Amino acid sequence: NMFHVLVFAGNETTRTAISNGIDAFIHHPDQLELLYKRPELVDNAVEEIIRWATPVMYMRRTATKDTVLHGVPIKENDKVVMWFASGNRDAEKFVDPYTLDLTRFPNDHMTFGKGPHHCLGAPLARIEIKILLEEMIKQGIHFEGNGDVIRTNSNFVNGIASLPARVL
């Protein structure tokens, strides 16, 4: 099971974040131009792409004891779902949560979970996305949409099966 988790999480989710990031740049070319003008924003861009993409939309857990969360009673053995996608668009936490903003700081998104349930592969995902962005900056790569995006048929992974685009 651990091998499966590492292979899936280390591959599918990072690919999903990257493809959603490219799609975001296609629809928000001003943010890509900002990154090219201010390459010091690359770390911010990594966090914003991860927040924006939210590759894993939710995670389910089982309550280990009776508790109350925001006034809602939760009993031991109740199933609880954490919607990362919702948390990353929370207007009480993020200014303009539906806006891609590479200057967003701090960016305390929920994409990798929190505490003991923090994603083991988070540092690797961040490095992979950062390297991609740094290479895009070096080469001045731009994208243009070239057809309809086809999303994966999943309510768990926010994936893109096909992203027709031209690299300019």
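The values are calculated or read from the model by the stated rules, or taken from the named source; none is laboratory data. Bear in mind that the values here come from a model prediction, so they are computed numbers and not experimental data. Here Cβ is always computed from backbone atoms with ideal geometry, including for glycine, and neighbour counts include all displayed protein chains. In case anyone asks, the SASA skips ligands and DNA or RNA and just uses the protein heavy atoms, side chains included. Shrake-Rupley method; radii C 1.70, N 1.55, O 1.52, S 1.80 Å.
Computed values, structure above
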| item | result |
| --- | --- |
| Entries in K65/K93; K37/K130; K93/K114; K79/K114 that, when Cα-Cα distance is taken, lie over 21 Å | K65/K93 |
| Relative contact order of the stretch 1-151, pairs being alpha-carbon contacts under 8 Å that are 6 or more residues apart, as % | 29 percent |
| Neighbour cut-off at most 15 other Cβ (10 Å), DSSP loop, GluC sites (Glu not before Pro), the stretch 16-98 | E76, E92 |
| Carbon plus sulfur fraction of accessible area for the chain, probe 1.4 Å, in percent | 58 percent |
| Where S19, S86, S162 fall by accessible area, highest first, once all protein chains stay in place (1.4 Å) | S86, S162, S19 |
| Inter-centroid distance (Cα atoms) of the stretch 35-65 relative to the stretch 70-113, Å | 11 Å |
